[in-house]
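The values are calculated or read from the model by the stated rules, or taken from the named source; none is laboratory data. Remember, it's a predicted structure, so these values are computed and weren't measured experimentally. A quick note on method: Cβ atoms are made from the backbone with ideal geometry, for glycine too, and the neighbour counts reach across all protein chains shown.
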Amino acid sequence: MRMSQITNEREKRLKILFLCTHNSCRSQMAEGWMRHLHADRFEPYSAGIDPTRVDSYAVKVMAEAGVDISLNRAKSISEVQDIGFDYVVTVCNEAHEQCPYFPARIRTIHAGFDAPPCLGKRARR
């Protein structure tokens, strides 16, 4: 395959941002699954409104399923804002409510998930 063919294939992949409050669990897992299952068709990213760190339980659960997100890091929306996304998927209600403005050509989808139990336990500590 020539370099121009590789470049064209990459350009054809849809760029998707999974957005969550802290970019610690839900958005990281969504990015990991999308990369694992559909890297040939999609270029996934994740970010947070108020990023913290990647949750160790999320890394563990994903590893058990055969998906490695151990090298991921929590990122702010400002770090990825210049990427020309095709879709932005908010995966928690807070991120959906605080979602920054994206150009009209970018489709936004809300697919809210409850916080995983490990996050709730940590919050109660």
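If I filter segment 51-73 down to residues being of a type in the set (Val, Ile, Thr) and in a helix (DSSP H, G or I), which single residue comes out as surrounded by the fewest Cβ atoms within 10 Å (Cβ to Cβ)? Give the derivation first.
Of all residues in segment 51-73, those of a type in the set (Val, Ile, Thr) come to 52, 54, 59, 61, 67, 69.
Filter once more, so that each one left must be in a helix (DSSP H, G or I): 59, 61.
Working: Val59: 20, Val61: 16.
Going through the qualifying residues, I end up with Val61.
Kindly indicate the residue of segment 26-51 that is modelled with pLDDT of 95 or more and of a type in the set (S, T, N, Q) and also nearest to Val89 (Cα to Cα) among those meeting that condition. Within segment 26-51, the match that is nearest to Val89 (Cα to Cα) is Ser46.
Number of residues in segment 27-67 that are of a type outside the set (Phe, Trp, Tyr) and out of contact with any helix residue (DSSP H, G or I) (no Cβ under 7 Å at 6 or more places or on another chain): the value is 24. Determine whether segment 74-83 contains at least one residue that is crowded, with 21+ Cβ neighbours inside 10 Å and at pLDDT 95 or above. Yes, there is a match, as at least one residue in segment 74-83 is crowded, with 21+ Cβ neighbours inside 10 Å and at pLDDT 95 or above.
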